[in-house]
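Input: a single structure, listed below in structure tokens.
FYI, it's all coordinate maths here, none of it is from the lab. Just so it is clear, the structure is predicted and the values come from calculations on it, not from any experiment. Cβ coordinates were reconstructed from backbone atoms using ideal geometry, including for glycine residues, and neighbour counts include every protein chain displayed.
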Amino acid sequence: MIWEDLVAKLAERLSPERLKHSLGVAEAGVRLARRWGANEEQARLAGLLHDCAKGLSPDELLQWALAFGIVGNDIERACPDLLHGPVGALIAWKEYGVMDAAVLSAIRLHTLGGEGMNLLERIIYLADYIEPGRAFPGVEELRALAEQDLDRALLRAMEGTIRYVLQRGLLLHPQTVRARNSLLAEMATDRRERGKHGREEKAGCAPA
């Protein structure tokens with residue numbers, strides 16, 4: 001399906017505000033993909049369709065999820081909107097003809113995140129958070145950080161989401177906590193590796 005047709009079809013499902021947001025995520029996704037060496041077309045497509053399930057009611061989201069066996073816990077039953085990522089991946093496949101597993105996975109994880117996220121998944125999660133239409137305190141600093149250190153920006157976005165949920169007394173999905181912890185552990189490992197190599201270089205031993 002060509003881009004204009006995808007946008008037109010999406011416009012039938014989403015409000016004008018949600019469509020504008022989706023186009024913004026596609027734009028931010030392409031920019032981050034170009035900066036960090038990901039596939040720009042995958043980022044553009046995943047960004048456009050990441051919220052394609054947002055037009056569904058909570059009952060409809062739950063029905064989709066139950067039909068395909070993707071309700072993981074009672075939190076998702078109580079807050080079906082948390083399922084719009086996984087259900088959106090299903091809709092992107094069934095109704096928009098997306099066959100690219102990487103694009104579908106990025107759509108699936110864009111809200112809750114996941115452990116060991118790949119580059120495209122990280123980009124779409126962050127693009128959703130910092131797209132041009134977002135306006136919250138600190139967003140400009142986060143956009144700048146995303147150009148300098150993708151993982152630090154991603155960690156800040158995840159922790160911002162967690163704070164938002166906790167401050168409002170909402171249910172916090174454990175997948176987001178696991179995603180944050182996985183990223184933090186990965187970053188700590190990277191720092192240790194860089195430190196080890198630095199010591200070896202100072203001692204005159206080239207790192208392997």
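Exactly one condition in (1) in contact (Cβ under 8 Å) with a residue 12 or more places away in the chain; (2) closer than 29 Å to Arg152 by Cα is false for Pro58; which is it?
Result: Pro58 fails condition (2) only.
Mind checking whether some residue in segment 123-144 is closer than 15 Å to Ala28 by Cα, within 14 Å of the chain's Cα centre (by Cα) and without any contact (Cβ under 8 Å) to a residue 24 or more places away in the chain?
No.
Tell me, which residue of segment 32-51 that is over 16 Å from Val103 (Cβ atoms) and in contact (Cβ under 8 Å) with a residue 60 or more places away in the chain is surrounded by the fewest Cβ atoms within 10 Å (Cβ to Cβ)? Show your work before the answer.
First pass over segment 32-51, keeping only residues over 16 Å from Val103 (Cβ atoms): 34-37.
Those still in the list that are in contact (Cβ under 8 Å) with a residue 60 or more places away in the chain too: 35-37.
Details: Arg35: 13, Trp36: 16, Gly37: 8.
Among residues in segment 32-51 that are over 16 Å from Val103 (Cβ atoms) and in contact (Cβ under 8 Å) with a residue 60 or more places away in the chain, the one surrounded by the fewest Cβ atoms within 10 Å (Cβ to Cβ) is Gly37.
Go through segment 145-176 and report how many residues are under 27 Å from Gly37 (Cα atoms), free of Cβ contacts under 8 Å to residues at least 40 places away in the same chain and not polar (S, T, N, Q). Spell out how you get there, then give the answer.
Initially, segment 145-176 is screened for residues under 27 Å from Gly37 (Cα atoms), giving 145-161, 175-176.
Next cut, free of Cβ contacts under 8 Å to residues at least 40 places away in the same chain only: 145, 148-149, 151-157, 159-161.
Subsequent filtering for residues that are not polar (S, T, N, Q) retains 145, 149, 151-157, 159-160.
Residues flagged as under 27 Å from Gly37 (Cα atoms), free of Cβ contacts under 8 Å to residues at least 40 places away in the same chain and not polar (S, T, N, Q) within segment 145-176 amount to 11.
Which of the residues that make up segment 87-111 are surrounded by fewer than 22 Cβ atoms within 10 Å (Cβ to Cβ), small (Gly, Ala, Ser) and either in a helix (DSSP H, G or I) or touching a strand residue (DSSP E or B) at 6+ places or on another chain (Cβ under 8 Å) (or both)?
Within segment 87-111, Ala101, Ala102, Ser105 qualify.
Here is a list: Ala92, Ala106. Which entry is of a type in the set (A, V, I, L, M, F, W, C), in contact with a Cys (Cβ under 7 Å, 6 or more places away or on another chain) and within 23 Å of Gly47 (Cα to Cα)? Before the answer, list the steps.
Working: Ala106 fails: in contact with a Cys (Cβ under 7 Å, 6 or more places away or on another chain).
Step by step, each of Ala92, Ala106 is checked, and only Ala92 is of a type in the set (A, V, I, L, M, F, W, C), in contact with a Cys (Cβ under 7 Å, 6 or more places away or on another chain) and within 23 Å of Gly47 (Cα to Cα).
Failed condition for Glu27, given (1) over 17 Å from the mean Cα position of the chain (by Cα); (2) surrounded by 13 or more Cβ atoms within 10 Å (Cβ to Cβ); (3) among the charged types (D, E, K, R), with all others met?
(1)
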